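Everything on this sheet refers to the single structure shown next.
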Amino acid sequence: MKLLAFLLFVWFPLFVSAQYVYEPSDENPYGLPNPEAPEQLLDFAPLIGECQCKSERRKPDQTWAEPEDMVWKFKYIMNGTAVQDETLKADGSHSGSIRQFIADSTKWYVHYYSTSSPSTTLPAWEGNKKEDGTIVLYREQKAPNGMDGSYRLTFYEINSDGFKWVGEWVDKTESIVFPTWKIDCSNGKLVTTNESEKTKIQSAVQNFSQAYINKDFETMAQSYTQDGKIFPNNLPIVSGRENIKKWWAAGSSSEVLTHKIVPEEITFIGNSAYDYGYYSGSSKNEDGEVSNWKGKYVVVWKKENGDWKMYLDIWNRVRD
């Protein structure tokens, strides 16, 4: 009985921490994106962290009030499967949203809350990221004169330094646009460099998996540095981007159905980084037989032209 109690004492915390590795923590204060979440989760990746912002709202007489200082903070929640944001204003007021992408409806759903206007039912907006990089969300709302329309929220000019946001009423055709709230968060993010860079590596990992499924060998090759090296199990080292491309293409007789890479740790050392973890997937051979497989890996990353690329990539299968 004592042994069982001891094992539970040791094993349970390890189990819990393993189950919630993408939650905000001391090491990752803004959390990490879960690789099993819909890829659209990364729509908000550039916003993760904190920004010093200026907020402007219309007064009752329809003139604009003086800009107000505000901190806007974004982080991953629900074990890296959703995004939560919070605004903290100089007067102590607070508001925020829970943002979830629901794959079945292919839309973002955003539920808003505020200390200044608490509600038993949270209002919700829905929308998507557009081809031009903006994120646009809508909620039906009539104008004061009774005209049908929506309140539209738009994130735009999104980059590594921050973003801008505008809330505006639009009619059904969006030909009538009346902005009521503007926020400028383009003065620089307060997120630590490592957290921002981890998000970029997570994105590169997901892009590699998708390219593998699509047999996009050019994208796979571009995931490596020009002098990158792979270490296939029981085979010689393959060096150079073009040779790596040929190696992946040569083994493409089977159809890859699924592929996931789950980093256990990402650590930065100067201008390099390394990560290790597990991968898993399934494939179908020429006879139509489906097989599942998994393995472990270690990758050394380097920056090439500002982007994180794999320099050394070693992996091998593990048994069930």
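The values are calculated or read from the model by the stated rules, or taken from the named source; none is laboratory data. Everything quoted here is computed from the prediction, not taken from an experiment. Backbone-built Cβ (ideal geometry, glycine too); neighbour counts: all protein chains shown. The accessibility values were calculated without ligands, DNA or RNA, using every heavy atom of the protein model including side chains. Shrake-Rupley method; radii C 1.70, N 1.55, O 1.52, S 1.80 Å.
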Extreme residue, positive dipole direction of the chain, given options Ser116, Phe101, Ser252 (C-beta unit charges): Ser252
Compute the FRET efficiency between Ser280 and His94 as 1/(1 + (r/R0)^6), taking r as their Cβ-Cβ distance and R0 = 41 Å, and round to the nearest 0.05. 0.50
Picking from Gly306, Pro35, Thr267, whose Cα lies most toward the positive end of the charge dipole for the chain (charges on Cβ: Lys, Arg +1; Asp, Glu -1)? Thr267
Can you compute the charge dipole magnitude of the chain about its Cα centre, using +1 on each Lys and Arg Cβ and -1 on each Asp and Glu Cβ, nothing else charged? Give it in debye, rounded to the nearest 20. 440
Built amide H within the under 5 Å cut-off of Gly228, gap 5+: Gly240, Arg241
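At 0.36 nm per residue, minus the direct Cα-Cα distance, what do Glu255 and Gln62 gain on full extension? Give it in nm, one decimal, please.
63.5 nm
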What length, rounded to one decimal in nm, is gained on full extension from Arg317 through to Asp287, with 0.36 nm per residue of separation minus their alpha-carbon distance? 8.6 nm
Which order do you get for His259, His94 if you rank them by accessible area with a 1.4 Å probe, largest at the top? His94, His259
With the stretch 40-153 reduced to its Cα atoms and the Debye formula applied, log10 I(q)/I(0) at q = 0.18, 0.21, 0.23, 0.24 1/Å amounts to -1.15, -1.43, -1.52, -1.53
Starting from one equal scatterer on each C-alpha and no solvent at all, send me the Debye-based log10 I(q)/I(0) for the chain at q = 0.08 Å⁻¹, two decimals. -0.48
Which of the DSSP-defined H helices in the chain satisfy a minimum axial length of 30 Å, computed from C-alpha atoms, and a minimum mean Kyte-Doolittle hydropathy of -1.0? 193-214
Counting pairs of alpha carbon atoms under 8 Å apart in space and at least six apart in sequence, what relative contact order in percent does the stretch 65-115 give? 26
May I ask you to derive the relative contact order of the chain, considering only C-alpha pairs under 8 Å and at least 6 residues apart, and to give it as an integer percent? 11
Between Glu304 and Glu264, what FRET efficiency follows from the Cβ-Cβ distance if R0 is 22 Å, with the result rounded to 0.05? 0.35
³J(HN,Hα) across the stretch 32-47 via Karplus (A = 6.51, B = -1.76, C = 1.60, θ = phi - 60°), whole Hz, x for Gly/Pro? 9, x, 7, x, 8, 6, x, 4, 5, 3, 6, 4, 9, 4, x, 8
